[in-house]
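Have a look at the structure below, then the notes.
What follows is calculated from the coordinates using simple rules that are stated; it is not laboratory data. Just so you know, these numbers come straight off a predicted model, no measurement behind them. Note: ideal-geometry Cβ built from the backbone for every residue, glycine included; neighbour counts use all protein chains shown.
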Amino acid sequence: MIKNISNLGDAALYCDFGNDVNREINLNVIQFFKNIKKSNIPGITNITPSYNKLIISFDLSITNFDKIKTEVEQLNFKNEIVNEGNLIKIPVCCDNDFALDIKRLEKLLNLEKEEIYKKFFSKKYYCYMTGFIAGMPFLGDLNDSLYARRLDTPRVKVPKNSIGLTEQFCNIYTFESPGGWNIIGKTPLDIFDNKNNTSPNLINPGDTISFFQISKSEFEKKYD
Amino acid sequence: MTENYFEVLRPGINSTFQDNGRKNFYHIGIPFSGAMDNRNFVIANAISNNKKNSPVIEFALQGPKLRYKGDKVYFNVTGDVNFQILRKNKIEEGVCYQNLVLENNDCLDLISTNRSVYGYLSINASFKIDFYLDSCSVNTKAEIGANNGKILQKNQIIKIENITKKYSSNKLDYIVSKIENIRVIKGPHFDYFSETAKELFFKEKFRITKLTDRMGIRLDGPKIENIKYTNIKSEGLVKGTIQITADGDPIVMLSDHGTIGGYPKIGVVISADYDKLVQIPPGSKIKFKEINLKDAETIYKLYEMETRNLISKIK
């Protein structure tokens with residue numbers, strides 16, 4: 001559970017769950033996140049779970065660090081098992097037009113393209129967190145033979161809906177942005193729907209993701 | 001009923017609709033956004049007699065030029081802004097912090113901010129705009145908020161409704177104070193940096209570079225040497241967090257910042273200094289000053305009191 005709570009500036013709590021990145025620690029973070037969300041402690045403006053930290057921001061004109069820390073510590077957490085989240089299936093087209101870094105990966109990992117995809121599609125992934133600008137999901141863990149470092153020079157524009165790999169993680173670019181992950185394909189699904197005014201995110205922390213491969217014609221059909 | 005609207009003759013550099021921002025969506029990766037300089041936002045709405053959280057147009061450095069069509073409407077501009085109202089037969093120099101009138105065919109030219117970055121335009125009426133997740137605040141990267149998540153575009157129309165017919169001569173005598181010292185609370189990775197680096201961080205000046213926008217400020221100055229890890233496992237951020245990049249440069253997270261980041265956090269700007277920090281224009285130098293949590297809390301209370309005082313002086 002939480003190893004330490006400190007302040008992050010004058011308007012946030014920094015809850016430290018350790019330094020390792022694994023599902024067990026992350027489930028603790030997510031459970032804690034859900035419990036705090038349920039508790040409706042006044043003044044909390046944001047709760048941000050990540051691999052092994054939870055940051056609780058609050059409105060300094062309503063409350064302060066000592067108050068929130070006490071309230072958070074007093075929450076009586078039952079050791080309930082967090083529900084496993086949803087299973088979400090994501091189609092991916094790996095046509096050369098979309099798999100921008102597959103050649104680099106073949107060299108870097110010393111694997112044929114077919115093997116890379118076989119290893120990638122045969123696993124289910126866990127969503128550690130969603131973040132950054134528009135609900136970008138951080139998924140893991142990859143088969144360890146697929147671990148690759150970031151591009152030496154980040155790409156200026158990674159196309160929206162690209163699937164990228166780096167180290168033990170995989171993510172989906174939910175909007176066009178600069179980025180250094182190794183791109184292996186693209187999904188026709190909008191992971192972040194900026195027109196959806198209630199739940200814009202398809203993938204949430206704690207969900208399980210399985211990818212499946214589609215052809216370019218299927219990709220184009222789904223795009224219509 | 002006549003239609004009331006602004007026609008955008010010149011959009012300005014970065015003009016967006018903003019309100020108080022979006023709460024409680026960091027966990028799904030949606031930034032807070034909202035008016036950068038909260039005090040000037042709040043004052044603008046107070047002068048307009050609007051509800052506290054009413055949408056305004058925020059502009060940066062160069063503002064928009066707007067032609068007004070419709071029934072008489074009152075407006076005010078806050079910040080340190082050089083502007084003019086082009087009327088039928090004359091040009092009128094604008095005065096900030098007071099209600100002024102726009103009549104059919106008048107042009108409001110928000111020329112520039114003086115030695116500051118952001119200015120605010122509030123009207124005694126409401127903009128006819130869309131809300132997304134309870135806020136109109138535009139985040140251009142995620143393309144969310146009013147105006148399809150975009151900055152104002154040349155020739156677009158901004159519809160206006162619910163015009164208040166009654167004129168209130170609301171006015172505030174207020175001169176925005178400038179600061180150079182930004183107060184900072186040490187961050188969770190303060191000890192990732194060498195003794196020399198820690199000393200430099202609070203001793204030397206840093207220049208605000210042009211790579212500065214609503215997402216963040218990139219600073220230029222002495223390199224801050226990291227003796228532990230230049231990358232951390234990505235974790236949450238808050239407004240005002242100062243991260244040190246792998247190159248040793250500080251970056252300060254501002255209102256549109258990504259919700260998570262992977263650089264060590266050397267410190268966090270105190271809440272009371274945030275509004276002033278965002279107003280310091282590129283090219284200026286700033287200095288960080290260390291402060292503890294208790295003092296930061298006290299200073300914030302004073303800052304809030306000062307804002308309330310200013311609002312009570314509007315007449």
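Name all residues of region B:273-315 having a backbone nitrogen under 19 Å from the label point set 7 Å from the Cα of B:Asp191 along its Cα→Cβ direction, giving them as ranges. What the label zone holds, given the 19 Å backbone N cut-off, is B:291-293. Can you give the translational diffusion coefficient of the protein assembly as shown in µm²/s, computed by Stokes-Einstein from the Kirkwood radius over Cα pairs at 25 °C and 0.890 mPa s? The calculation lands on 99 µm²/s.
Counting Cβ atoms of other protein chains within 10 Å of each Cβ in A:132-143 and taking the mean gives 5.
If you take the beta carbon distance between A:Lys37 and B:Arg87 as r and set R0 to 45 Å, what does 1/(1 + (r/R0)^6) give as a FRET efficiency, to the nearest 0.05?
Working: r = 53 Å, r/R0 = 1.18.
FRET efficiency, A:Lys37 to B:Arg87: 0.25.
Which net charge results when you count Lys and Arg as +1 and Asp and Glu as -1 among the other residues whose beta-carbon is under 15 Å from that of A:Ser210? Present the calculation step by step, with values, prior to reporting the outcome.
Working: positive: A:Lys89, A:Lys118, A:Lys119, A:Lys123, A:Lys124; negative: A:Glu84, A:Asp141, A:Asp207.
So the environment of A:Ser210 carries a net charge of +2.
Shown in residue order for region B:146-153 are the 3J(HN,Hα) couplings computed by the Karplus curve 6.51 cos²θ - 1.76 cosθ + 1.60 at θ = phi - 60°: 4, 6, 6, x, 10, 6, 4, 10 Hz (x for Gly and Pro).
How large is the charge dipole for region A:4-74, taken about the Cα centre, if only the Cβ atoms of Lys, Arg (+1) and Asp, Glu (-1) carry charge, to the nearest 20 debye?
Details: 7 positive and 8 negative charges, 55 e Å.
Dipole of region A:4-74, to the nearest 20 debye: 260 debye.
Charge tally for B:Asp106 (other residues, Cβ to Cβ under 13 Å; Lys, Arg +1; Asp, Glu -1): +2. FRET efficiency for the B:Lys287 to B:Asn24 pair, using the beta carbon distance and R₀ = 30 Å, is estimated at 0.30.
Each residue, B:Tyr167 and B:Glu304, gets one label point 7 Å from its Cα in the Cβ direction; the gap between the two is 3.7 nm. GNM on chain A, alpha-carbon springs under 10 angstrom: the most fluctuating residue among A:Lys89, A:Lys124, A:Lys195 is A:Lys195.
Per residue of A:170-177, how many C-beta atoms from partner chains lie within 10 Å of its own C-beta, taken as a mean?
Details: counts 0, 0, 0, 0, 2, 4, 2, 3.
Whole-number average of other-chain Cβ neighbours for A:170-177 is 1.
For peptide B:164-173, the mean count of partner chain Cβ atoms within 10 Å of a residue's Cβ comes to 0.
Pulled fully out, how much extra length does the chain show between A:Lys157 and A:Glu218, if you take 0.36 nm times their separation in residues and subtract their Cα-Cα distance? Numbers along the way, then the final one.
Values: separation 61, 0.36 × 61 = 21.96 nm, distance 2.47 nm.
Length gained, A:Lys157 through A:Glu218: 19.5 nm.
Among the listed pairs A:Lys69/B:Lys51; A:Lys107/A:Lys221; A:Lys53/B:Lys239; A:Lys103/B:Lys223, those whose Cα-Cα separation exceeds 26 Å are A:Lys69/B:Lys51; A:Lys107/A:Lys221; A:Lys103/B:Lys223.
Across chain B, the mean sequence separation of Cα contacts (distance under 8 Å, 6 or more residues apart), normalised by length, yields a relative contact order of 20 percent.
Between region B:276-304 and region A:6-60, what's the alpha-carbon centroid distance in Å? Between the Cα centres of region B:276-304 and region A:6-60 lies a distance of 25 Å. Seen from A:Gly85, the other residues with C-beta closer than 14 Å to its C-beta sum to a net charge of +2, counting Lys and Arg as +1 and Asp and Glu as -1.
Assign one of three labels to chain B, namely rounded, prolate or oblate, based on the Cα gyration tensor with a ≥ b ≥ c the square roots of its eigenvalues; rounded applies when a/c is under 1.5, prolate when it is not and a/b is larger than b/c, and oblate otherwise. Prolate.
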